[in-house]
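**Student:** Submitted below is the structure of interest, expressed as structure tokens.
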Amino acid sequence: MIYTAYDKECRLTFIKIFDGQWGLRAEYKNNSGEWAYIAAPTIWTDALTTKEVTDAAYQKALGEINIATRAMLGKASSEPTSGTARIQWLVDNKTVVVDNNLKIG
């Protein structure tokens with residue numbers, strides 16, 4: 001998944017580390033145009049026994065990535081209050097997909 005965080009192009013990939021151990025790897029494109037590591041929280045698959053537990057594990061990993069991203073890339077640009085600048089800010093910072101529908105999140 002490609003997304004924008006703190007005005008940087010970022011990507012999120014789900015990678016197998018070992019049997020039963022996967023990583024949710026977050027990277028950003030640095031000024032040289034290369035992908036640079038942000039974080040890769042581990043998800044243990046043997047614990048993913050229900051939809052709720054699986055969703056919670058994913059949300060926990062996203063939370064760890066959010067903390068690392070904020071620490072590495074700094075604060076987001078100021079939040080515009082109206083106009084096309086506001087729409088662009090919403091696209092870059094607040095648009096999420098919930099049940100196949102785009103929403104402000």
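**Student:** What does the charge count near ALA57 come to, summing +1 for each Lys or Arg and -1 for each Asp or Glu among other residues with Cβ under 14 Å from its Cβ?
**Tutor:** Residues close to ALA57 contribute a combined charge of -2.
**Student:** Follow-up question, since we're still on this one. Which net charge results when you count Lys and Arg as +1 and Asp and Glu as -1 among the other residues whose beta-carbon is under 12 Å from that of ALA68?
**Tutor:** 0
**Student:** Longest exposed-loop-site-free stretch of the chain, with trypsin sites (Lys or Arg not before Pro), DSSP loop and at most 15 other Cβ within 10 Å?
**Tutor:** Longest run free of exposed loop sites: 1-74.
**Student:** So which GluC sites (Glu not before Pro) in segment 6-79 are both in a DSSP loop and have at most 16 other Cβ atoms within 10 Å of their Cβ?
**Tutor:** Numbers: sites: GLU9, GLU27, GLU34, GLU52, GLU64; in loops: GLU34.
Of the GluC sites (Glu not before Pro), the ones in loops of segment 6-79 whose Cβ has at most 16 other Cβ atoms within 10 Å are GLU34.
**Student:** Note the angle between two axes, namely the Cα long axis of helix 83-93 and the longest principal axis of the Cα atoms of the chain, as a number of degrees from 0 to 90, rounded to the nearest 10.
**Tutor:** That works out to roughly 20 degrees.
**Student:** With contacts defined as alpha carbon pairs under 8 Å and 6 or more residues apart, what's the relative contact order of segment 30-105 in percent?
**Tutor:** Here the relative contact order equals 20 percent.
**Student:** A further question follows. Could you size up the charge dipole of the chain around its Cα centre, putting +1 on the beta carbon of Lys and Arg and -1 on that of Asp and Glu, and report it in debye to the nearest 20?
**Tutor:** Roughly 240 debye for the chain.
**Student:** Which of ASN66, ASN93, ASN31 ends up with the largest GNM mean-square fluctuation for the chain, with Cα atoms connected below 10 Å?
**Tutor:** In this elastic network of the chain, the residue with the biggest mean-square fluctuation among ASN66, ASN93, ASN31 is ASN31.
**Student:** Sum up the charges of everything whose Cβ sits under 13 Å from the Cβ of GLU9, counting Lys and Arg as +1 and Asp and Glu as -1, but leave GLU9 out.
**Tutor:** -1
**Student:** When a/c is below 1.5 the answer is rounded, else prolate if a/b is larger than b/c, else oblate, so apply that to segment 2-74 with a ≥ b ≥ c taken from the square roots of the Cα gyration tensor eigenvalues.
**Tutor:** prolate
**Student:** I need the phi-derived Karplus couplings for segment 59-70: 6.51 cos²θ - 1.76 cosθ + 1.60, θ = phi - 60°, integer Hz, Gly and Pro marked x.
**Tutor:** 5, 4, 5, 4, x, 5, 5, 4, 5, 5, 5, 4
Any read-out appearing in this document is the output of simple, stated calculations on the displayed coordinates, not a laboratory observation. As the structure is a prediction and not an experimental result, all values here were calculated from the model. Quick reminder, even Gly has a Cβ in these numbers, built from the backbone with ideal geometry, and neighbours come from all protein chains shown.
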